C-alpha cells in the first residue's frame, strides 16, 4: 500500500528538488541547516495501464487415446 502511495506522489510530481543539508550538534540537540536548493520542472510521461494477460485455457486431463513416451538416454561427456 505504501508503494502505491509513493508511486502516486512521484508520478504526479511536476517539480524535482535537490536539497543539501548540514547536520551538526548532538543526538539530544541536532542542528539541521539547509545549504542549498536546486529545483527544476519536469514533464512526466502519461501512466500506462498495466498489461493484463489473458487467463490460461483449462487443461483437459482426460486422454482420448493412450500416449507412449520414449526417453532416450544420452551418453555422459567426461572432460
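Miscellaneous remarks
- In the stretch 44-65 there is no residue that is modelled with pLDDT of 75 or more and either surrounded by 10 or more Cβ atoms within 10 Å (Cβ to Cβ) or assigned to a strand (DSSP E or B) (or both).
- Here residue 11 clears all of (1) surrounded by 10 or more Cβ atoms within 10 Å (Cβ to Cβ); (2) at pLDDT 75 or above except the condition numbered (2).
The values are calculated or read from the model by the stated rules, or taken from the named source; none is laboratory data. All values derive from a computational prediction rather than experimental measurement. All Cβ positions, glycine included, derive from the backbone under ideal geometry; neighbour counts span all protein chains shown.
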